[in-house]
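Okay, so here's the structure we're looking at.
Every number here is computed from the coordinates shown, using simple stated rules; none is lab data. Keep in mind the model is a prediction, meaning the values are calculated, not measured. Quick reminder, even Gly has a Cβ in these numbers, built from the backbone with ideal geometry, and neighbours come from all protein chains shown.
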Amino acid sequence: MQNKLFLSLLLALILPLAHAGEAVPTVDDVVLEKRVMAVSGELRCLVCQNQTIADSHAELAVDLRNQVREKLRQGMSEQEIKDYMVARYGDFVLYRPLMKRGTWLLWFGPFLLLVLAFGVLIVKLRQRRKAIQQAPVLSADEHARAESLLSGTDKVARP
């Protein structure tokens, strides 16, 4: 009991001494790091494929960010770095690929798939409508028999 009281008193005395300070930047050059993140935000992570290398924690993304940082330190412009990455990894490395002959499928593929799906839907609906129209029509006796079976008034002889 005395230990708990002593620990509580000690904690109450030490607690006011603990305070949060302003976070110290972990990088030497904040401006360079902003440029690295800007360029990295336009390059696709080749492992994740749905994230930029700025957002990804994959080892390849970290390596690519380090390459971007080093190239910026060497004096390359953002466009030169993107051109270098495209030359090395292809247009797929750009998070927003340029519109050119080789990337038409990336740009228009989803719309083509949507049009194709809509066309298939229309064909299937027409086939269904035709099948319904060609369904056999019941005679009056068959209709009455079906109603009696459904209502339970007709006793079906079972073998």
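In table form, for the structure just shown:
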| read-out | value |
| --- | --- |
| Rounded to the nearest 20 debye, dipole of the range 25-98 from Cβ charges on Lys, Arg, Asp, Glu | 100 debye |
| Over the chain: helical MRE at 222 nm, DSSP H runs n ≥ 4 each giving -39500 (n - 2.57), nearest 500 | -19500 deg cm²/dmol |
| Using distinct alpha-carbon pairs, which all enter the 1/r mean, Kirkwood radius of the chain in Å | 23.6 Å |
| Exposure proxy ranking, count of Cβ atoms within 10 Å, fewest first, for 94, 150, 60 | 150, 60, 94 |
| Total charge dipole magnitude, the chain, about the Cα centre, Cβ charges on Lys, Arg, Asp, Glu only, Debye to nearest 20 | 820 debye |
| Whole-number percent relative contact order across the chain, with pairs defined as alpha carbons under 8 Å at least 6 apart | 13 percent |
| Which of 11, 68, 114, positive extreme of dipole for the chain (C-beta unit charges) | 114 |
| Table column - 3J(HN,Hα) (Hz), the range 74-90, Karplus curve with 6.51, -1.76, 1.60, x for Gly and Pro | 6, x, 6, 7, 4, 5, 5, 5, 5, 4, 4, 5, 5, 5, 7, 10, x |
| Expected-Rg normalisation [2.2 N^0.38 Å, Cα atoms] applied to the range 110-151 | 2.02 |
| Candidates 129, 101, 145: whichever shows maximal mean-square fluctuation once the chain is modelled as a Gaussian network with Cα springs under 10 Å | 145 |
| With Cα atoms, 0 to 90° folded angle of helix 104-133 axis to the chain main axis | 20 degrees |
